[in-house]
Structure formats: structure tokens, C-alpha cells
Amino acid sequence: MKLSLPVRKKVRIEMLPLIDIVFLLLVFFIYAMLSMAIHRGLPVDLPSSRSAVAEPGDLLTITIKADGALFVDRQPVTLDGLPALLTELSRGNSEQGVLLFADRKLSYDQFYKVLEKVQSAGLSRISMQADSGKGSMP
């Protein structure tokens, strides 16, 4: 007499749910790192640009408000005192990057005066910031 025993299936670890969990964790950590980005500038109404990209790194932040008020890393400064402060903060490093946040209502004249002062401090890596999410360009 032959007895039929139940066939035991081999235990398997399914890979698809494991891959889903790994990608979910990856997305979570990417969003967590993006939310921790340090922005030391003051809120201003930035101009729009379709190709605006954020630059990572330890950079000096210069903010120019619509009324011409000037700030370096949230510290108020005069236009004449800007080169000395930038030289001090960059510690003579000509490769120091600068993020320039200028209000869209600021005149070109005031904007270029600030650019000239930044360049006179020996800094040439200047990134002008724009808002990528507002409106459309003509």
C-alpha cells in the first residue's frame, strides 16, 4: 500500500515587495535631505526662470530687497561695507561661492552696483537666484 504524503513547498522570499520597500525608503530619504537644505537668505520676490537650479554647498548668501536693503547671511550691511565683509567671511578664498537673491522690483543700477562690490572683494563664483515655480515667461 502506497501512502501519499503532502508535498512540502520550498520556502521563498519574494523580491518584489522587498524592492518596493527599498524604493520607498529611498524616496523618503531623498525628500528628507531636500527639506534639510540650508537657506540663509531673506524672503524676497525672485524673478521667474524655467531653467533655475539650486546649487548645493556652503555658500555666502547676499539678499537685496526691493528698497535696496542689503544683507549677507541675514546680517544687514551697507553697500560700501560689503567688500570688506565678503573678504572677511570668505577668508581670502577666491573660489568661495556667492548666492545672490535680488527682488524682481530692484533696479538694474542697484543690482550691478552690488555685483561690482562682490567682484571687488575678489569673488567670481556668483550665482544669481530665480524662482522656478512662479508663472510663465513671455
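Values in this text are rule-based calculations from the coordinates and carry no lab data. Since the model is a prediction, treat every value here as computed from it, not as a measurement.
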For Lys113, the lysines lying under 19 Å Cα to Cα, once residues fewer than eight places off in the same chain are dropped, come out as Lys65, Lys105
Taking only the alpha-carbon atoms of segment 59-117, the convex hull volume per residue, in cubic angstrom, is 74 Å³
With 0.36 nm assigned to each residue of separation and the Cα-Cα distance removed, Met33 to Ser120 gains 27.8 nm
Residue-ordered couplings for segment 2-7, obtained by feeding phi - 60° into the Karplus form 6.51 cos²θ - 1.76 cosθ + 1.60 and rounding to whole Hz (Gly and Pro as x), are 9, 9, 9, 8, x, 7
A chain fully extended from Leu18 to Ser94 at 0.36 nm per residue, minus the present Cα-Cα distance, gains in nm 22.5 nm
